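Heads up, the thing below is written out as structure tokens.
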Amino acid sequence: MSNNIESTLHETRKFAPPAEFTSLAHISSEEQYQQMWNRAKDDPAGFWGDLAKEHLHWFKPFDQAMVGTMPNTKWFVGGETNACYNCVDKHLSTWRKNKAAIIWEGEPGDTRVLTYQDLHREVCKFANVLIQLGVKTGDRVTLYMPMIPELTIAMLACARIGATHSIIFGGFSADAVADRNNDAQAKVVVTADGGWRRGKEVVLKKAVDASLAKSPSVQKVVVVRRTGGEVQMTPDRDYWWHELMDGASADCDAVPVDSEHPLFILYTSGSTGKPKGVLHTTAGYNLGTMMTTKWVFDLKDEDTYWCTADIGWITGHSYICYGPLANGASVVMFEGAPNWPDNGRFWEIIEKYKVSIFYTAPTAIRAFIKWGDEWPNKYDLSSLRLLGSVGEPINPEAWMWYHKVIGAERCPIVDTWWQTETGAIMISPLPGITSTKPGSCTRPLPGVVTEIVNEKGEPVPANNGGLLVIKQSWPSMLRTLYGDHKRYEEVYFGKLPGLYFAGDGARKDEDGFYWVMGRIDDVLNVSGHRLSTMEVESALVSHPLVAEAAVVGFPHDIKGEGICCFVIPKGEIPADEAKKELIAHVRKQIGALATPDQIRFTPALPKTRSGKIMRRLLRDIAAGRESAGDTSTLEDFSILAKLRDDEE
Ligand code: WT7
């Protein structure tokens, strides 16, 4: 397999950081980076232990910084801390007490600013609400909410009392919520009537109602009034947020929890079966996100920092909430879409709040390019000093546009490679020292030991494609897949024993810079979101019309990858109306984010003689390419011609 990973991208442009940026940066010399990186490699316990002592509050100091090796490492063993305390309380005894923590803007243009003191009060009150509702340390709480401050408040309130939050992105359907509630055995769900997206209400409470019929573990529901839309409140189960908060006390001590106490579960897609409940624990995740925020974004107290992700994804967990707040940052949070009421909304926000650090995704950048330079050019973006990218490889042309049109050739770009599982950024430029190359996430951060290897786990020569692995444990790594430790060991460590295999193909160039080429498993990257082809296939097959389905990705201008579904119907090939029905069915099963771009009915699928679907051929057809590869094992050759005919 690794021999088939061919790298065709040959990018030679290089951009050195501006001298002024370097002189002020937290990491400001190559020697400093080398020294940190080498120490962390040779003595991870010493390196991370020192940082943990310096930056986290310990109710009880840890005895050992690191115990064991991957896959079962424990960090800061014997210590007791609290992630909410580290993100909020810690700042109250400093001048940051009245610094803006969250600068929020709703899609309709309403705004709220919460200082650290405000945030503390709201979090304490909501922590008391959770306690009143029967939530205990160790219980799971589902958060299914729009991008409003109450979401951050609810996360931190869970952390404060040692409840484990499980956030479900608002684009998921009722069925997906029910699955996740059941897997986590959630006791309470926090939601809202709905949220605003492109002027329309995205209803959430209705989906929660539908999900609860299938998830009996949930006893109580808290509902934030956001849109004012109509909701059904079930007595003794459903409560309004504002009514509970009215009566709640603002005194609530942070509960000291063990370093390895579960902080949150976040479900992500794998190549097979149901979504994986990635579990992150307290101290290591807290420290990893805090240090990487400081190093990668070169975060200073004067910065106004904006990450455009939704908190429902790991990027939002780590780089809207835990990382920046632990550093005492001022964080912009925005509810809406980049193109509402018009295509200039993001640039308007940057100008309005004088955003200095801006972190977004390649899929958004490609949309901005399509909408035209006139939109950013209308606004004053001179407050920006650093730009970031995350979610998928950024194509060099999108990188150049970001650099020129948004960064005015002045702002370093950090292309950050990481995953839900890694918790924090792993490979990224350090903006004060790294000469960036468009399309490369450059080099591993201190504490991150990566390699490109072949199928046997042996390092491959420079510029050869291979599998991206991590060789040494790091504090913010996932600890398990919730309720399925065996699957955790198999998925991440089963392929190459002793090495964490990320699922990505990549190469390392002659300077040791990494170029990530994408997933090598059956996982799509649609608009920067991981989606399993298996899940879409099971959703299709659960429809009475469908006998068999095969789902593949194809190159898509904006989304990166689009979703193409080849469907064998149970009877005759149905009329085109049925395509709409199947699309609606997938949306109902998984959510809007999994909306198929193409449905193609076919009487059969190309299979090998052993019965394996030849996905490579389907990918060629979906992309409108001629199949170049070997078809000698194809069982029924005529099927290829039939599949192509359907294209018209
Ligand atoms: C997968 C992880 C990390 C938060 C958002 C996605 C791809 C992510 C990059 C990047 C190339 C990237 C990888 C990775 N990916 N960032 N900078 N360059 N690829 O988190 O849903 O867990 O997906 O996203 O394929 O494995 P996720």
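Each value in this text was obtained by applying a stated rule to the coordinates, not by laboratory testing. None of the values given here were measured: they were computed from a predicted structure. For neighbour counting, all protein chains shown are included, and Cβ atoms are generated from backbone atoms with ideal geometry for every residue, glycine included.
Highest average first, the peptides 340-346, 469-475 ordered by how many other beta carbon atoms sit within 10 Å of their residues are 469-475, 340-346. Packing, as the average of other Cβ atoms within 10 Å across residues, places the peptides 136-145, 488-497, 327-336 in the order 327-336, 136-145, 488-497, highest first. Rounded to two decimals, what ratio of Rg to Rh does the chain give with C-alpha atoms and a Kirkwood Rh? My calculation puts Rg/Rh at 0.95. Calculated mean residue ellipticity at 222 nm for the chain: -8000 deg cm²/dmol, from DSSP H runs with n ≥ 4 weighted as -39500 (n - 2.57), summed, divided by the residue count and rounded to 500.
Here is the tail figure for segment 526-589: Cα pairs spaced more than 20 Å apart come to 26 percent of all pairs. Cross-link partners for K370 among the lysines, with Cα-Cα distance under 18 Å and sequence neighbours closer than 8 places in the same chain left out: K378, K404, K559.
Among the cysteines of the chain, C84, C87, C158, C307, C321, C411, C441, C564, C565 have no other cysteine beta carbon within less than 4.7 Å of their own. Among the trypsin sites (Lys or Arg not before Pro) in segment 498-590, those placed in a DSSP loop whose Cβ has at most 13 other Cβ atoms within 10 Å are K570.
Computed extension gain for Y379 through H57, at 0.36 nm per residue and net of the alpha carbon distance, reaches 111.8 nm. With the highest mean first, a sort of the peptides 390-403, 18-31, 356-369 on other beta-carbon atoms found within 10 angstrom per residue produces 356-369, 390-403, 18-31.
Checking the Cα-Cα distances for K274/K570; K90/K471; K200/K437 against a 32 Å cut-off, the pairs over it are K90/K471; K200/K437.
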